[in-house]
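Read the structure below first, then the notes.
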Amino acid sequence: MMKSNKLVGSILLSVAASIWGGTFVAVKVVVGQIHPLQLVWLRYLVALIFLIAFSLVKREQWHFKIQDLKWFIPIGLIGYTVSLVAQETGTWFSSAQTGAVVTASTPSFMMIFAWWILKEKLNRVKVTSLVMATIGVIMIVGIHLSGKHILIGVLFLIVAALTWSLMSVLIQKLPNYTALQITIISTLVAMICLTPFVLTDTSALMTVNFLNPKVIFCLFYVGTLSTAAAFVMWNKGLTMVSTSASGLFYLLQPVVGTLLGWLLLGEGLTLGFVLGSILILGSVWVSIRFTE
């Protein structure tokens, strides 16, 4: 049963990370028309519509306790608000390649937070897997510290990695809620946090052509797939695989992102991509295979 859960959890985490790998391609199409902050707000709005509809169809049994807000508010504020806005802003100030390299620190932070908060033990297998995965990411995207305000961008990206890691660990404090329920409540918290900032510049939203097929498709992708579906799968996977190992799946993003860039945007593939992908996939296998 334990191995079965680990396999299912691994699949869920892999699919979620793969969907996020395609998010950059979708965002790249509309980022010139929609400000990053407003794009995050819109993706949550679309996600909430689908999440609530799915919850009603599924007839979820809710057992919400007001005291659990002490976990939901930090999860929604730290992971769903600060992390995503920081990641968008950091990439905006630097570059996508820089973003991929810096956010590769996410598994490291997750391992530290899991050791500190959840008392998960650090061992040689976890550290070896982490080193393999980090080298793999660097081989795929290289270290291209480019951009006008690179230092500001890197600082934002570090904040994004730290907050996403902390959020992924805090989710473990809500065992009495389903992944769908955690995602709905946390997304709602994020929407409430972002709305005042979005309302200060509604004119920018009014200029967006929401009838444009590209805009419709991209909002559908980042809202329903990248947020609604992927967040639920990620949250569920976190309950089935140890937090330390879960972070490694996050590094599948640059693999999928590079592949989609090659397929859809005509970007080239390198030997570094092949070797880096092997290292990342190998690190995940080592972690899952040799970790209890």
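Please sort 236-243, 6-13, 212-219 by packing, taking for each peptide the average over its residues of neighbouring beta carbons within 10 angstrom, highest first.
236-243, 6-13, 212-219
What nm distance separates the two modelled labels at LYS173 and LEU269, each placed 7 Å from Cα along Cα→Cβ?
According to this spin-label approximation, the distance is 4.3 nm.
Sort 70-80, 163-173, 109-119, 191-201 by the packing proxy (mean of other Cβ within 10 Å over each peptide's residues), most packed first.
163-173, 70-80, 109-119, 191-201
So which of LYS6/LYS119; LYS6/LYS121; LYS6/LYS173; LYS65/LYS121; LYS70/LYS236; LYS65/LYS119 end up more than 28 Å apart by C-alpha? Don't jump to the answer; show the numbers that get you there.
On the way: LYS6/LYS119 19 Å; LYS6/LYS121 18 Å; LYS6/LYS173 19 Å; LYS65/LYS121 31 Å; LYS70/LYS236 20 Å; LYS65/LYS119 25 Å.
LYS65/LYS121, as the Cα separations exceed 28 Å there.
Give me the percent relative contact order of the chain, please, defined on Cα pairs under 8 angstrom at least 6 residues apart.
Values: 422 pairs, mean separation 120.8, N = 292.
For the chain, the relative contact order is 41 percent.
Spin-label point model (7 Å from Cα, Cβ direction): what's the LEU199 to PHE220 distance in nm?
Taking the simple label geometry, LEU199 and PHE220 are separated by 3.1 nm.
May I ask you to list, by number, the DSSP H helices of the chain whose Cα span along the axis is at least 27 Å and whose average Kyte-Doolittle hydropathy reaches 1.0 or more? Show your work: numbers first, answer last.
Details: long enough: 2-30 (42 Å, 1.19); 36-58 (32 Å, 1.78); 150-170 (30 Å, 2.55); 179-199 (29 Å, 2.11); 271-290 (28 Å, 1.90).
Correct list, ordered by number: 2-30, 36-58, 150-170, 179-199, 271-290.
Read-outs throughout are calculated quantities, based only on the coordinates presented, and are distinct from any laboratory measurement. Given the structure is predicted, the values throughout are model-derived calculations rather than measurements. Every residue, glycine as well, gets a Cβ built from its backbone with ideal geometry; the counts of neighbours run over all protein chains shown.
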